[in-house]
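Supplied in structure tokens, the structure appears directly below.
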């Protein structure tokens, strides 16, 4: 962000605070300075940590309330992503972007695609819908996490939404027979519905199956792209 824009937004917010008769003007402006200095998605906790590292020890509740004030004034947008605390980002007037969210490391990548914007406006117009705003969030694996993946991995380490091919089954004959009775065999394809703590759920030939972590760890799989390759 340019220093001129930074200073102008600070002046606007200070004027807003004075008009509203808000208390602790200096502390709120210090929170704003720390927020504007970081062009990334921040939780209230992370911003509180940044302020503490700068020697400014404010109450966590005060930092959270000030961030909410930024959203009301239009200086910030609050984003809610799966399995993450509320994250705040600087709101650039007249600009819009969408997000790619990595389900493995939690990284968030912003992107803007003009043709996609036109498509969304066209869909709204086709349905006679007056479009005001929208939010697109695409979940998957970022490039770094994909590069760290091995060619094959145990099924219980696959992420929700991934499609996989069964490469081999480990364990004894009884374990093989149990899996094959469920419809899981070498060469078959599965879609991961849920994973994590407790049983994981996969789709196999239109059927949902619940697998314990121990059983799922015996199924070695390779990842399939969306086009099936």
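The values are calculated or read from the model by the stated rules, or taken from the named source; none is laboratory data. Model, not experiment: these values are computed from the prediction. Cβ sites come from the backbone with ideal geometry, for glycine too, and all protein chains shown count toward neighbours.
What number of residues in segment 34-67 are surrounded by 15 or more Cβ atoms within 10 Å (Cβ to Cβ) and within 17 Å of residue 12 (Cα to Cα)?
Total satisfying the criteria: 5.
When only residues in segment 219-229 that are at pLDDT below 90 and touching a strand residue (DSSP E or B) at 6+ places or on another chain (Cβ under 7 Å) count, which is surrounded by the fewest Cβ atoms within 10 Å (Cβ to Cβ)?
Applying the filter and picking the extreme gives 224.
Any chance segment 115-130 includes a residue that's within 18 Å of residue 196 (Cα to Cα), in contact with a strand residue (DSSP E or B) (Cβ under 8 Å, 6 or more places away or on another chain) and in contact (Cβ under 8 Å) with a residue 12 or more places away in the chain? Please lay out each step first, then the result.
Here is the first cut: in segment 115-130, the ones within 18 Å of residue 196 (Cα to Cα) are none.
Scanning segment 115-130, I find no residue that is within 18 Å of residue 196 (Cα to Cα), in contact with a strand residue (DSSP E or B) (Cβ under 8 Å, 6 or more places away or on another chain) and in contact (Cβ under 8 Å) with a residue 12 or more places away in the chain, so the answer is no.
OK, next. Condition check: in a helix (DSSP H, G or I) and either free of Cβ contacts under 8 Å to residues at least 60 places away in the same chain or surrounded by fewer than 16 Cβ atoms within 10 Å (Cβ to Cβ) (or both). Does residue 89 satisfy that?
Judged against the criteria, residue 89 is not a match.
Going residue by residue through segment 144-163, is there one that turns out to be closer than 30 Å to residue 115 by Cβ, in a strand (DSSP E or B) and in contact with a strand residue (DSSP E or B) (Cβ under 6 Å, 6 or more places away or on another chain)?
Scanning segment 144-163, I find at least one residue that is closer than 30 Å to residue 115 by Cβ, in a strand (DSSP E or B) and in contact with a strand residue (DSSP E or B) (Cβ under 6 Å, 6 or more places away or on another chain), so the answer is yes.
Here's another thing I want to ask about it. Within segment 71-81, identify whether any single residue is part of a loop (DSSP other than H, G, I, E, B), within 30 Å of residue 193 (Cα to Cα) and not assigned by TED's automatic domain parsing to the domain that holds residue 163, and answer yes or no.
yes
Would you check which residues across segment 178-205 are exposed (fewer than 11 other Cβ atoms within 10 Å of the Cβ) and either in contact (Cβ under 8 Å) with a residue 24 or more places away in the chain or more than 18 Å from residue 225 (Cα to Cα) (or both) and list them? Spell out how you get there, then give the answer.
Applying the first criterion (exposed (fewer than 11 other Cβ atoms within 10 Å of the Cβ)) to segment 178-205 yields 181, 187, 197-198, 205.
Passing the criteria: 181, 197, 198.
Quick check on residue 104: is it surrounded by 14 or more Cβ atoms within 10 Å (Cβ to Cβ), in a loop (DSSP other than H, G, I, E, B) and modelled with pLDDT under 80?
Yes: the conditions hold for residue 104.
Given the criterion under 29 Å from residue 114 (Cα atoms) and not assigned by TED's automatic domain parsing to the domain that holds residue 117, identify the matching residue among 47, 32, 36.
Going through 47, 32, 36 in turn, just one is under 29 Å from residue 114 (Cα atoms) and not assigned by TED's automatic domain parsing to the domain that holds residue 117: 36.
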